[in-house]
Amino acid sequence: MILAVLGAVAFMAQLDFFIVNLALAGIGASFPGSSGAGLSWVLSAYAIVFAAVLVPAGRFADLYGRRRVLLAGVAVFSAASAVAAAAPSLGLLVGARAVQAIGAAMVVPTSLGLLYPSFPREQHTLVVGIWAGVAAVAASVGPPLGGLLVSVSWRWIFVINLPIGVATILAGRLILPEVRERAGTRLPDVASIVSLLGATSLIILGTSEGSQWGWDRPRTILAFAGGAALGGVALQRTLKAAAPIIEPKLFRSRPFTAATMALFSYFIGFAIFLLGSALFMQNVWHFSALRAGLSLAPAPVTSIAFAVSAGPIQRRLGRTVPAVTGTTVMAIAAGYWLLRVGAQPAYWSEMLPGLVLMGVSGGLSQAPMFAAASTLDPDRATTGSAVLNMSRQIGSALGVALLVATTAAAAGVSGYDRAWVIQLAAGLTAAASLLALRHDSN
């Protein structure tokens, strides 16, 4: 029952990052006069705030109670979803998306942090595999579900969150345990929190908006320069502060360090796959949004089959082998599309095999990478999960930005070919990170 509740809230929070991709045209039609740059903030506001708030939210959950922070996050997310569903203007919708992201950042790492103390250590890989599988399915099912709901109204992509939110709050109050650090633990360093928030926000801002602003424009350069400067401050506080928001001892775990690096690379490619596949079928093959979304369904179906087997697979092969195999399979999928996909629609022979491979990739690789948080001290599980999710989120934002840049630079299939080259490189880089820092026992 605990796993069901935590899986449900993680699914809800992850779904909203990807489900909106297919709704922008419908949102634009509802708000005449909206510019492409204005509409892009429906996606960017969520990405920026979610990535920035993840680690502080995770750290405060460890301090003040994981269940308390999780249920508060679900309430915030649900209320913001209601506002987004009824939004009479684009500005209010963007604001609601930013508040949604705060709630999601309170939920995602905390849901994983609550799993560990609820199950014996020998079951951690199994339950984290299911949790990661749910997250992978939420990401993959976003376009199909989004296409289905948008065919009715884009507002339904937010309405769907409300019954899930209410049900999980009621169930969570009855079922979930409360876990927190011992009383008297020092609060995190304020400068560490502020610099990390600023660095993450500016880097995601520059990445998300660079294609709209122009990569060589002053505000794009300033965003990256400011992010780098604040990142330097955050690193200095991490190394020198008495109680930094990200503690250096987290990275004494080689599996955790490897997973942090690999998730960043992997989700560059995964974001290109998710958004790029849907856009390719719409823009090049001229599928409808609904047809393109439903055509992606084999990926989440395959992912589920492998994710639920994560425990037995790891007991037999260790953590590194399935993770390296899964990240390498993503590169193989990209290579297949590079060689096979053309301008004329041929879904069954050209697109489908790659989608099945991506389902295998997500199901095999994500569970062992997220399970790396279990190698940390129990009272740092939520903070560690937040760091892993932040790495994933920054990678996803960069992947979307690279997809937009490559498809804008070249028309038709050639633009997507360039994106698939990046996806291939991202998969191989993730595999190399995992191998370079592999744990001896794996």
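For R67, indicate whether it is in the same structural domain as S89 (by TED's automatic domain parsing), part of a helix (DSSP H, G or I) and surrounded by 22 or more Cβ atoms within 10 Å (Cβ to Cβ).
The answer is no for R67.
Need the failing condition index for A262 against (1) over 22 Å from G36 (Cα atoms); (2) part of a helix (DSSP H, G or I); (3) at pLDDT below 90, just the number.
A262 satisfies every listed condition except (3).
Just to be sure, is V53 of a type in the set (A, V, I, L, M, F, W, C), within 17 Å of the chain's Cα centre (by Cα), surrounded by 21 or more Cβ atoms within 10 Å (Cβ to Cβ) and part of a helix (DSSP H, G or I)?
yes
In this structure, is A343 of a type outside the set (S, T, Y), surrounded by fewer than 24 Cβ atoms within 10 Å (Cβ to Cβ) and in contact with a helix residue (DSSP H, G or I) (Cβ under 7 Å, 6 or more places away or on another chain)?
It is true that A343 is of a type outside the set (S, T, Y), surrounded by fewer than 24 Cβ atoms within 10 Å (Cβ to Cβ) and in contact with a helix residue (DSSP H, G or I) (Cβ under 7 Å, 6 or more places away or on another chain).
What single numbered condition from (1) touching a residue at least 24 places away in the same chain (Cβ under 8 Å); (2) surrounded by fewer than 21 Cβ atoms within 10 Å (Cβ to Cβ); (3) small (G, A, S) fails to hold for A104?
(2)
Could you check L24 against (1) touching a residue at least 40 places away in the same chain (Cβ under 8 Å); (2) not in a loop (DSSP other than H, G, I, E, B) and say which number it fails?
Looking at each condition in turn, L24 falls short on (1).
Give just the number: which of (1) modelled with pLDDT of 85 or more; (2) under 30 Å from P177 (Cβ atoms) does G95 not satisfy?
Going through the list (1) modelled with pLDDT of 85 or more; (2) under 30 Å from P177 (Cβ atoms), G95 breaks only (2).
Inspect all residues belonging to the stretch 381-404 and state whether any of them is surrounded by fewer than 18 Cβ atoms within 10 Å (Cβ to Cβ) and either of a type in the set (A, V, I, L, M, F, W, C) or out of contact with any Phe, Trp or Tyr (no Cβ under 9 Å at 6 or more places or on another chain) (or both).
So far as the stretch 381-404 goes, no, none of its residues is surrounded by fewer than 18 Cβ atoms within 10 Å (Cβ to Cβ) and either of a type in the set (A, V, I, L, M, F, W, C) or out of contact with any Phe, Trp or Tyr (no Cβ under 9 Å at 6 or more places or on another chain) (or both).
Filter the stretch 1-35 down to the residues that are among the β-branched types (V, I, T), crowded, with 21+ Cβ neighbours inside 10 Å and within 12 Å of G172 (Cβ to Cβ) and list them by number.
V5, V9
D62 - would you say it is crowded, with 24+ Cβ neighbours inside 10 Å and either over 20 Å from the mean Cα position of the chain (by Cα) or not in a helix (DSSP H, G or I) (or both)?
Considered against the rule, which asks whether it is crowded, with 24+ Cβ neighbours inside 10 Å and either over 20 Å from the mean Cα position of the chain (by Cα) or not in a helix (DSSP H, G or I) (or both), D62 comes out as yes.
Can you tell me which residue is surrounded by the fewest Cβ atoms within 10 Å (Cβ to Cβ) among those in the stretch 205-259 that are outside any helix (DSSP H, G or I) and small (G, A, S)? Let's see the steps before the verdict.
Filtering the stretch 205-259 down to residues outside any helix (DSSP H, G or I) leaves 214-217, 241-247, 253.
Pick out the ones that are also small (G, A, S) and you get 214, 241-243, 253.
On the way: G214: 12, A241: 16, A242: 9, A243: 14, S253: 21.
That would be A242.
Restricting attention to the stretch 346-355, does a residue exist that is of a type outside the set (S, T, Y), under 19 Å from the mean Cα position of the chain (by Cα), surrounded by 17 or more Cβ atoms within 10 Å (Cβ to Cβ) and in the same structural domain as G276 (by TED's automatic domain parsing)?
Yes; the residues of the stretch 346-355 include at least one that is of a type outside the set (S, T, Y), under 19 Å from the mean Cα position of the chain (by Cα), surrounded by 17 or more Cβ atoms within 10 Å (Cβ to Cβ) and in the same structural domain as G276 (by TED's automatic domain parsing).
Tell me, which residue of the stretch 189-204 that is β-branched (V, I, T) and buried (at least 18 other Cβ atoms within 10 Å of the Cβ) is nearest to L39 (Cα to Cα)?
I204
How about the stretch 123-183: which helices (runs of 4 or more DSSP H) wholly inside it have at least 3 residues that are modelled with pLDDT under 85? Outline the logic, then answer.
Working: elements: 124-150, 156-159, 161-175.
In the stretch 123-183, 124-150 are the helices (runs of 4 or more DSSP H) which contain 3 or more residues that are modelled with pLDDT under 85.
Out of curiosity, is A229 farther than 23 Å from Q100 by Cβ and either at pLDDT 90 or above or not hydrophobic (A, V, I, L, M, F, W, C) (or both)?
When the stated conditions are applied, A229 passes them.
Please find, within the stretch 306-316, the residue that is surrounded by the fewest Cβ atoms within 10 Å (Cβ to Cβ) out of those that are among the small types (G, A, S) and outside any loop (DSSP other than H, G, I, E, B). Break it down stepwise before answering.
Initially, the stretch 306-316 is screened for residues among the small types (G, A, S), giving 307, 309-311.
Narrowing further to those that are outside any loop (DSSP other than H, G, I, E, B): 307, 310-311.
Working: A307: 27, A310: 28, G311: 19.
Out of the qualifying residues, it is G311.
The values are calculated or read from the model by the stated rules, or taken from the named source; none is laboratory data. None of these values were measured; they are calculated from a predicted model. Methodologically, a virtual Cβ is constructed for each residue, glycine included, from the backbone with ideal geometry; neighbour enumeration extends over all protein chains shown.
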